[in-house]
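The values are calculated or read from the model by the stated rules, or taken from the named source; none is laboratory data. As the structure is a computational prediction, the values presented were derived from the model and not from experiment. Here the Cβ positions follow ideal geometry from the backbone for every residue, glycine too, while neighbour counts run over all protein chains shown. Each accessible area value is taken on the protein alone, full model and side chains, heavy atoms only, with ligands, DNA and RNA left out. Shrake-Rupley method; radii C 1.70, N 1.55, O 1.52, S 1.80 Å.
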Amino acid sequence: MDTFLRLAEREHAALTAMDQTAGDGDFGDNLCGALRLVVARVPAGAEPRTELAVAATCFLDEVGGTSGPLIGLLLQEMAAAPTLAQGLTDGIAAIQRVGEAKLGDRTMLDSLIPARDHLAAHPDDVAGAAAAAERAAESTKDLRARAGRASYVGDRALGTPDAGATGMALFLAALAEAGAR
């Protein structure tokens, strides 16, 4: 989670600008604040599953905004799953149950689903999944939002990537970087 925090802090201004275009502008603050809390609460030397479980609790219980609980659901499912691919599959299903969004709606799912699909085809290629998520997040700039807060602003968000999709691409980049060690 410390790698995810470092990446999120590096991209804080960009995430905030994206969310100011399509939402209420708090995504960067909420993400970084939650991750600081997570890093402070994860026990030293914790296993990845423990990190994910602590992160899930923080996002579910203490993060405002719409995306906090959705990210919490993802992390909760990932902590319980035997593999990263299964965790993404279960997390995506949980997000869809609650948020009712799907691929192409300009949400965090637009980066998570391509990453999951990449891992389904290449189970050990976390870096490839992260790259797929990054490409997909960038492509959300061409999507008209059909779900989430961005759906209220119409075409105003066109040309700017979705903050949630970008944040989840950063999460997958963090997983790839941490796994490369």
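Summary of values
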read-out: Rg(Cα)/(2.2 N^0.38 Å) for the stretch 65-123, N = residue count; value: 1.04
read-out: Accessible surface, 1.4 Å probe, highest first, among residues THR140, THR66; value: THR66, THR140
read-out: Qualifying GluC sites (Glu not before Pro) for the stretch 1-103 [loop in DSSP, other Cβ within 10 Å: at most 11]; value: GLU100
read-out: Per residue value of the accessible surface for the chain (all protein chains in place, 1.4 Å probe), Å²; value: 46
read-out: Potential extension, ASP142-ASP125 segment - 0.36 nm per residue separation minus Cα distance; value: 3.4 nm
read-out: With every protein chain in place, the chain: carbon and sulfur % of accessible area (1.4 Å); value: 52
read-out: Degrees separating the helix 163-179 axis from the principal Cα axis of the chain, which is the longest one; value: 20
read-out: Net charge over other residues, Cβ less than 14 angstrom from the Cβ of ALA80 (K, R count +1; D, E count -1); value: -3
read-out: Using alpha-carbon coordinates, inclination of helix 126-139 to the longest axis of the chain, degrees; value: 10
read-out: Peptides ranked, highest mean first, by Cβ atoms within 10 Å: ranges 26-38, 82-94; value: 26-38, 82-94
read-out: Rounded tilt (10° steps) of 12-22 against the dominant C-alpha axis of the chain; value: 40
read-out: Neighbourhood charge, 14 Å Cβ-Cβ cut-off, centred on GLU138 and excluding it, Lys, Arg +1 and Asp, Glu -1; value: -2
read-out: Value at 222 nm in deg cm²/dmol, rounded to 500, when DSSP H runs of n ≥ 4 in the chain each add -39,500 (n - 2.57); value: -22000 deg cm²/dmol
read-out: The chain: relative contact order as a whole-number percent, Cα under 8 Å and 6+ apart; value: 22
read-out: Between the stretch 158-180 and the stretch 24-70, the Cα center-to-center distance that results, in Å; value: 15
